[in-house]
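The values are calculated or read from the model by the stated rules, or taken from the named source; none is laboratory data. The structure presented is a predicted model; accordingly, all values stated were derived computationally and were not measured. Here the Cβ is made from the backbone with ideal geometry for all residues, glycine too, and neighbour counts use every protein chain on show. Please note that ligands, DNA and RNA were not included when accessible areas were found on the heavy atoms of the full protein model with its side chains. Shrake-Rupley method; radii C 1.70, N 1.55, O 1.52, S 1.80 Å.
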Amino acid sequence: MRIVQELLFIIAFGMAVYLFSTKVRQIRRNILLGRDKDLNDHPDLRWKNVLLLAFGQKKMFRNPLVAVLHFFVYAGFIIINLEILEIILDGILGTHRLFVPVLGGLYPVLISAFEVLAVLVTLGCAIFLVRRNILKLRRFVSKDLNGWPRSDANYILLTEIVLMLLFLTMNTADQQMQLRGSEHYIATGNFLVSGSLASIFNHTPDGTLIAIERTCWWLHILGILAFLNYLPYSKHLHIILAFPNAYYASLEPAGEMENMPAVQKEVQLMLQPELAASEPAPEGMPKFGAKDVFDLTWKNLLDAYSCTECGRCSAACPANLTGKALSPRKIMMDTRDRAEEIGRNINKNGAFTDDGKTLLRDYISEEELRACTTCNACVQECPVSISPLDIILQLRRHLVMEESSAPAEWTGMFSNIENNMAPWKFSMDDRDKWATEMNQ
């Protein structure tokens, strides 16, 4: 019977790892559909960002209570799952609590710490469910989250609660079996939480107690493996991608916009025409801005897959707050959805086949893009260093520079800048006349 259980475990574990790794490879391929961009400078500053933003969750602590709860859920879930290594080895080898002889007296200390964190994770998830579904904070009831995104968040929180309760119930049954001196349940010492709850099972028959412990063990590990494969389809992929995204975050001053070399060169030649003779002929027409995910950078697509859908960006967006169509969160969700659609196209056809769709207009409207004030509030608020603004700017550049699509107010300003080198309708020769008139 033990061999059968080991085989079943190995099959389940192998399938979970295979499915997860396959999806991860597909996501990596989708991210790399974007244009290349070198972000390997200043590794010291980048690692600092990882420590402060990803590990330390620095931006979350603007709201200390929520930050502490989120830290309990995030850190607790990650740390508790370190015990998964022991469970996996127990499943493969047919052992029980393999690390007890290795860690000795440290083992009950570690498990007790894990149990305390499990209680905190359960508490934190319960509070977050209340915030989403009873208190209904504005950013959680936005139409951006209609349908699957809203359900996704609730499913994850409920799953984490169930996994933590299974972990505690498993340990409680294990502690009671240890007290009874059962041969298979080696003495580990007292666990802080489950040890105090062991008396609940004082009158439970051994067979029932073993069934409870084994059922919880199997449901816990299968739940973890299922959760692992759910992550790539969920907003909770940020649990993994927050770290590389923080590392590759922009180190430029906040709000600085990226210039286009081709345009810069044209302006320079306009101001210094004598340089034109020494300039090599351009190789083809440059492409301005972005129309689809292929025109964005790989960092933009990594941003999209790292989005937590928390809505802090939209809650801080002045356009969104005043009823405009723009929602930075939706920009990121739409970008990811388009990348996923292209990924499915590639999976089906072996290479991308034109589907007649683009990110611009089919997913993100001109109205949304034009509502952006480029104030940088969305970038400032994002806890994992995502930049919706960069995607907005690139899509808007395509509209203006490739399609000449802009409101009348903008085109007048563009013409003035091109002809008068200023937004106003005055030539450079007439620009200082007001000062002359004052002296008359």
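Cβ-Cβ below 9 Å, separation at least six or inter-chain, first residue in region 157-174 and among the aromatic types (Phe, Trp, Tyr), second assigned to a helix (DSSP H, G or I) and open to solvent by 20 Å² or more (accessible area, probe 1.4 Å): which pairs?
Phe167/Phe114
In region 126-150, which residue that is among the polar types (S, T, N, Q) and either modelled with pLDDT under 90 or assigned to a loop (DSSP other than H, G, I, E, B) (or both) is most open to solvent (accessible area, probe 1.4 Å)?
At the first step, the residues of region 126-150 found to be among the polar types (S, T, N, Q) are 133, 142, 146.
Within this subset, residues satisfying the condition of being either modelled with pLDDT under 90 or assigned to a loop (DSSP other than H, G, I, E, B) (or both) are 142, 146.
On the way: Ser142: 31, Asn146: 95 Å².
This residue is Asn146.
Would region 386-393 turn up any residue that is surrounded by 15 or more Cβ atoms within 10 Å (Cβ to Cβ), more than 29 Å from Cys307 (Cβ to Cβ) and in the same structural domain as Asn320 (by the TED database)? Full working, then the answer.
Quick first cut of region 386-393, residues surrounded by 15 or more Cβ atoms within 10 Å (Cβ to Cβ) only: 386-393.
With more than 29 Å from Cys307 (Cβ to Cβ) added as a condition, the list becomes none.
No.
To keep it simple, each residue is scored yes or no on (1) more than 18 Å from the chain's Cα centre (by Cα); (2) open to solvent by 40 Å² or more (accessible area, probe 1.4 Å).
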site	(1), (2)
Glu6	yes, no
Val24	no, yes
Arg28	no, yes
Asp36	yes, yes
Phe55	no, yes
Arg97	yes, no
Pro101	yes, yes
Gly104	yes, no
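Only one residue in Ile88, Ile80, Ile84 is within 19 Å of Ala54 (Cβ to Cβ) and either in a helix (DSSP H, G or I) or assigned by the TED database to the domain that holds Asn154 (or both), so which one is that?
On the way: Ile88 fails: within 19 Å of Ala54 (Cβ to Cβ); Ile84 fails: within 19 Å of Ala54 (Cβ to Cβ).
Result: Ile80 is the single residue among Ile88, Ile80, Ile84 that is within 19 Å of Ala54 (Cβ to Cβ) and either in a helix (DSSP H, G or I) or assigned by the TED database to the domain that holds Asn154 (or both).
Please specify each residue of region 237-252 satisfying the condition of being part of a helix (DSSP H, G or I) and either in contact (Cβ under 8 Å) with a residue 12 or more places away in the chain or open to solvent by less than 30 Å² (accessible area, probe 1.4 Å) (or both).
Applying the first criterion (part of a helix (DSSP H, G or I)) to region 237-252 yields 237-247.
Result: Leu237, His238, Ile239, Leu241, Ala242, Phe243, Pro244, Asn245, Ala246, Tyr247.
Going by what's in this entry, would Ala377 be described as among the small types (Gly, Ala, Ser) and more than 19 Å from Arg35 (Cβ to Cβ)?
Yes, satisfied.
Residues in region 253-264 that are of a type outside the set (A, V, I, L, M) and either more than 16 Å from Cys375 (Cβ to Cβ) or surrounded by 13 or more Cβ atoms within 10 Å (Cβ to Cβ) (or both): how many? Spell out how you get there, then give the answer.
First, pick out the residues of region 253-264 that are of a type outside the set (A, V, I, L, M): 253, 255-256, 258-259, 261, 264.
Now restrict to residues that are either more than 16 Å from Cys375 (Cβ to Cβ) or surrounded by 13 or more Cβ atoms within 10 Å (Cβ to Cβ) (or both): 258-259, 261, 264.
Qualifying residue count for the region: 4.
Being buried (at least 16 other Cβ atoms within 10 Å of the Cβ) and touching a Gly at 6+ places or on another chain (Cβ under 9 Å) is the requirement here; does Val109 meet it?
Values: buried (at least 16 other Cβ atoms within 10 Å of the Cβ): no; touching a Gly at 6+ places or on another chain (Cβ under 9 Å): yes.
Criteria not met by Val109.
Taking Ile78 as meeting all but one of (1) touching a residue at least 60 places away in the same chain (Cβ under 8 Å); (2) out of contact with any Pro (no Cβ under 9 Å at 6 or more places or on another chain); (3) open to solvent by less than 60 Å² (accessible area, probe 1.4 Å); (4) aliphatic (A, V, I, L, M), write down the number of the exception.
Among (1) touching a residue at least 60 places away in the same chain (Cβ under 8 Å); (2) out of contact with any Pro (no Cβ under 9 Å at 6 or more places or on another chain); (3) open to solvent by less than 60 Å² (accessible area, probe 1.4 Å); (4) aliphatic (A, V, I, L, M), Ile78 violates only (3).
Evaluate the following for Ser415: is it open to solvent by 80 Å² or more (accessible area, probe 1.4 Å), under 44 Å from the mean Cα position of the chain (by Cα) and hydroxyl-bearing (Ser, Thr, Tyr)?
no
Just for region 288-316: of the residues that are in a loop (DSSP other than H, G, I, E, B) and in contact with a Ser or Thr (Cβ under 7 Å, 6 or more places away or on another chain), which one is surrounded by the most Cβ atoms within 10 Å (Cβ to Cβ)?
In this case the residue turns out to be Gly311.
Considering only region 1-25, state which residues are farther than 30 Å from Arg344 by Cα and either touching a Leu at 6+ places or on another chain (Cβ under 9 Å) or assigned to a helix (DSSP H, G or I) (or both).
Residues of region 1-25 farther than 30 Å from Arg344 by Cα: 1-9.
Those that are farther than 30 Å from Arg344 by Cα and either touching a Leu at 6+ places or on another chain (Cβ under 9 Å) or assigned to a helix (DSSP H, G or I) (or both): Arg2, Ile3, Val4, Gln5, Glu6, Leu7, Leu8, Phe9.
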